[in-house]
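For reference, the structure discussed in these notes is given below.
The values are calculated or read from the model by the stated rules, or taken from the named source; none is laboratory data. Every value quoted in this text rests on a predicted model; they were computed, and no experiment measured them. We place every Cβ from the backbone using ideal geometry, glycine too, and count neighbours over all the protein chains shown. Areas reflect the complete protein model, heavy atoms only, side chains present, ligands, DNA and RNA absent. Shrake-Rupley method; radii C 1.70, N 1.55, O 1.52, S 1.80 Å.
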Amino acid sequence: MTNEYQKSMMDNLYWWGIPTLFRCPNEGPEGQDIALVGVPHSAGNGTTERDQHLGPRALRNVSSVSRRVHGEFQLDPWAAAKIADVGDVPFPRANDNEACIEQITRFYTDIDAAGARPISVGGDHSITGGIVQALGCGRITKGEPVCFLHLDAHTDVFTKVDHFLGAKKSAAHWGAYLADQGKVDPSHSMQIGLRGHARTLDWLQPSYDYGYNVVTMKDFRKRGIEDVVAQIKEVLSGRPVYITFDLDCLDPTIAPAVSNLEPGEKGFDIDEAVALLRAARGMNIIGGDIVCMMPTKDSPNQITALTASAIMFEMISMVAENVKAGSTQ
């Protein structure tokens, strides 16, 4: 038999044991504070090489390395909250995007009913639409719409096209149709890090039309991180916050294995991204996701998967801190 110290050392070995997310038990969402979920879905973004469905498995394989305590928060999230890996959303019709989005919504409706706050890894960015169809105005938000903290190189509010290569509820559309459904409050949501050379000069206009608070990467560089963090705190204060983190908001040198890279303008470095996430610390974070990892394009050291794991750890820690403080009720 091993003692607790020996077990903790073994749990940090990515190549040992059964690879659940962060070595959490594989259980259902009932009785959990946080439900970790894999969403292996790629049919919502047909412009890439379509292997984003491999993201959950890649993160599971490395996430044990990130099962740590949070030094900045002085927190052991694994002791502070009940956390389980509830498995992957099943996709028996994996190539049918519309069927998959509704399957995601059904899966997360059960998680919401259990009262667990889901933190997920995709999968392409269409998964956010399926998730928030379940969470918006649901049990965890106490009937209120979700407010996004959305870090991304793209708006995903592309209303000027009816579909994305056949996918209607695609990775390019969820920011619009969730607002149309009343599941999201754009006026209290932030879109941060938008950059790149778009196909049309008015590509940001739909976000403005819906009322999203937009901070392009150029705006971010001009204003500085402290000013943007202050805006996040003001816009999201007192609201049910959902964090959606597209890995393409990061600079490609940090996260190379990402779909829809925007290499023409510097993205966030990891310290900037983490600081923006921590602007939501202490808020009513009802869930989050990390999307758009393409593991077959990763560096041999799996830096993109490890970076995604670090981002997920930040989300877990912020929710676990709220649980410990009793402020998630």
Open item on the list: Can you pull out every residue in the stretch 60-87 that is assigned to a helix (DSSP H, G or I) and either free of Cβ contacts under 8 Å to residues at least 24 places away in the same chain or under 19 Å from the mean Cα position of the chain (by Cα) (or both)?
Closed with: Arg60, Asn61, Val62, Ser63, Ser64, Ser66, Pro77, Ala79
TODO: Look at Asn213 and say whether it is open to solvent by 10 Å² or more (accessible area, probe 1.4 Å), touching a helix residue (DSSP H, G or I) at 6+ places or on another chain (Cβ under 7 Å) and among the polar types (S, T, N, Q).
DONE: yes
Task: Count - residues of the stretch 18-46 that are open to solvent by less than 30 Å² (accessible area, probe 1.4 Å) and part of a helix (DSSP H, G or I) - done: 2
TODO: Inspect the stretch 150-167 for any residue being farther than 30 Å from Gly31 by Cβ, of a type in the set (Gly, Ala, Ser) and not in a loop (DSSP other than H, G, I, E, B) and give the result as yes or no.
DONE: yes
Open item on the list: I'd like the full set of residues that are open to solvent by 60 Å² or more (accessible area, probe 1.4 Å) and under 15 Å from Leu36 (Cβ atoms), limited to the stretch 62-91.
Closed with: Arg67, Lys82, Asp88
Open item on the list: What pairs come out if I take residues in the stretch 198-209 that are under 20 Å from Leu261 (Cα atoms) and pair them with residues that are open to solvent by less than 40 Å² (accessible area, probe 1.4 Å) and hydrophobic (A, V, I, L, M, F, W, C) whose C-beta lies under 7 Å away, six or more apart or interchain?
Closed with: Leu204/Leu194; Leu204/Val214
Task: Selection within the stretch 301-321 - closer than 19 Å to Asn12 by Cα and either over 16 Å from the mean Cα position of the chain (by Cα) or charged (D, E, K, R) (or both) - done: Asn301, Gln302, Ile303, Glu314
- [ ] Return a yes/no flag: does the stretch 47-59 have any residue that is within 21 Å of Met293 (Cα to Cα), modelled with pLDDT of 95 or more, part of a strand (DSSP E or B) and not hydrophobic (A, V, I, L, M, F, W, C).
- [x] no
- [ ] Just need a number here: residues in the stretch 259-286 that are of a type outside the set (S, T, N, Q) and open to solvent by 10 Å² or more (accessible area, probe 1.4 Å).
- [x] 16
Open item on the list: Can you confirm whether Arg68 is of a type in the set (Lys, Arg) and more than 24 Å from Asn213 (Cβ to Cβ)?
Closed with: yes
Open item on the list: Which residue is nearest to Met318 (Cα to Cα), if the candidates are limited to the stretch 22-59 and must be within 18 Å of the chain's Cα centre (by Cα) and among the β-branched types (Val, Ile, Thr)?
Closed with: Ile34
- [ ] Check Glu272 against each of (1) within 16 Å of the chain's Cα centre (by Cα); (2) under 19 Å from Val229 (Cα atoms) and name the one condition it does not meet.
- [x] (1)
Open item on the list: Against the conditions (1) closer than 24 Å to Val241 by Cα; (2) within 19 Å of the chain's Cα centre (by Cα), where does Pro90 fall short? Just the number, please.
Closed with: (1)
Task: Scope the stretch 155-170; condition touching a residue at least 40 places away in the same chain (Cβ under 8 Å), open to solvent by 10 Å² or more (accessible area, probe 1.4 Å) and of a type in the set (A, V, I, L, M, F, W, C); matching residues - done: Phe158, Phe164, Leu165
Open item on the list: Quick check on the stretch 311-325. Is at least one of its residues outside any helix (DSSP H, G or I) and either of a type in the set (Gly, Ala, Ser) or open to solvent by less than 40 Å² (accessible area, probe 1.4 Å) (or both)?
Closed with: no
Task: Residue count for the stretch 177-197, restricted to those that are outside any strand (DSSP E or B), at pLDDT 95 or above and closer than 25 Å to Phe220 by Cα - done: 7
Task: Selection count, the stretch 241-265, where residues are farther than 18 Å from Ile303 by Cα and either within 15 Å of the chain's Cα centre (by Cα) or basic (Lys, Arg) (or both) - done: 4
TODO: Answer yes if at least one residue in the stretch 145-154 is within 21 Å of Cys292 (Cα to Cα), among the small types (Gly, Ala, Ser) and open to solvent by 10 Å² or more (accessible area, probe 1.4 Å), and no otherwise.
DONE: no
- [ ] Sort through His53, His41 and tell me the only one that's farther than 21 Å from Ile303 by Cα and touching a Gly at 6+ places or on another chain (Cβ under 8 Å).
- [x] His41
